[in-house]
1. For labels at GLN225 and GLN85 in the simple 7 Å Cα→Cβ model, what's the distance in nm?
2. If you find the alpha carbon centre of segment 1-41 and of segment 101-154, how far apart are they in angstrom?
3. With a cut-off of 8 Å between alpha carbons and a minimum separation of six or more residues, what is the relative contact order of segment 1-48 in percent?
4. What shape does segment 1-72 take by its C-alpha gyration tensor, where a ≥ b ≥ c are the square roots of the eigenvalues and a/c under 1.5 counts as rounded, a/b above b/c as prolate, and the rest as oblate?
5. Using every Cα-Cα pair within segment 140-241, state what percent have a distance larger than 20 Å.
6. Step through the table entries LYS156/LYS221; LYS42/LYS214; LYS116/LYS181; LYS2/LYS116; LYS108/LYS181, compare each Cα-Cα distance with 21 Å, and write down the pairs that go over it.
7. Which helices of the chain meet both criteria: a Cα extent of 15 Å or more along the helical axis and a mean Kyte-Doolittle score no lower than -1.0, with helices taken as whole DSSP H segments?
8. Counting only C-alpha contacts under 8 Å and six or more residues apart, can you give the relative contact order of segment 89-154 as a whole percent?
Amino acid sequence: MKFLEIREVTKNFGGLLANDRISFEMSQGEILGLVGPNGAGKTTLFNCISGYYPVSSGKIILEGRNITNNAPYQICTRGIARTFQIVQNFQKMTALENVMIGAFLNHKGRKDSYEKSLEVLRFIDLIDKRNDLARNLSPPEQRRLGLGMALATEPKLLMLDEAMAGLTPMEIDDVLDLLRKIRDSGVSIIVIEHLMRAVMNVSDRVIVLDYGSKIAEGMPKEIVQNEAVIKAYLGRSYAGR
């Protein structure tokens, strides 16, 4: 049984076809990169998988269970958590309180949620910032906090939407190390990213979207040599590296 199956998922917005019969499978413990030009349909696909958008047709199967068009809270309960392109932290709450919101999904008591949140903050290296308001954290720390909020729900699948946007090369390397730690803990990951060095470095496989359709799927070294991907996204200068 495959961990995640996306079967012919289509999403229409009136006359706009944002996702066109996208299909792929994912194994447990895999890091899957999702790339493509702006407007290719990557975030729309994330929104369909996580329940923010209802799919127009197709199916989303998690561990053999059809979760198509379930509500976001139901999908989170079943083990899928995500982050957003624009940071969605609660700015007037502390880092610890933000993470506790996620922890309450599986830890109903305040004490258990508190302990789980401290564990997550240690894992993402924000334990020293636990009492700081989210609005006072640096942009990289705020992105890491969003990741911590998602991890606190104890997901089986973590979906990251441009988690490395705006970071320095050193900060990107830190995030890549963290993603490997998360995968090693047993969590599968799908990552949308425009930083090709990052996504090619961390992904086991890469899927490429263009104009709402999947145009390629394969190992990173295969993707960078794919003619359709070079034409639609990478360009000759990248392929020649």
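Please treat every number below as a calculation from the coordinates, not as lab data. What you see is a predicted model, and the numbers here were worked out from it, not measured in a lab. Every residue, glycine as well, gets a Cβ built from its backbone with ideal geometry; the counts of neighbours run over all protein chains shown.
1. Each label point lies 7 Å from its Cα, and together they span 3.2 nm.
2. Each part reduced to its Cα centre gives a spacing of 29 Å.
3. Details: 57 pairs, mean separation 16.6, N = 48.
Relative contact order for segment 1-48 comes out at 35 percent.
4. Values: a/c = 1.97, a/b = 1.32, b/c = 1.49.
It comes out oblate by the Cα gyration axes.
5. Working: 2147 of 5151 pairs.
Within segment 140-241, distances greater than 20 Å cover 42 percent of Cα pairs.
6. Numbers: LYS156/LYS221 27 Å; LYS42/LYS214 10 Å; LYS116/LYS181 17 Å; LYS2/LYS116 29 Å; LYS108/LYS181 26 Å.
Checking Cα-Cα distances, LYS156/LYS221; LYS2/LYS116; LYS108/LYS181 exceed 21 Å.
7. Numbers: long enough: 110-123 (20 Å, -1.11); 139-151 (18 Å, -0.38); 169-184 (23 Å, -0.34).
Result, helices passing both filters: 139-151, 169-184.
8. Working: 89 pairs, mean separation 32.8, N = 66.
In percent, rounded to a whole number, it is 50.
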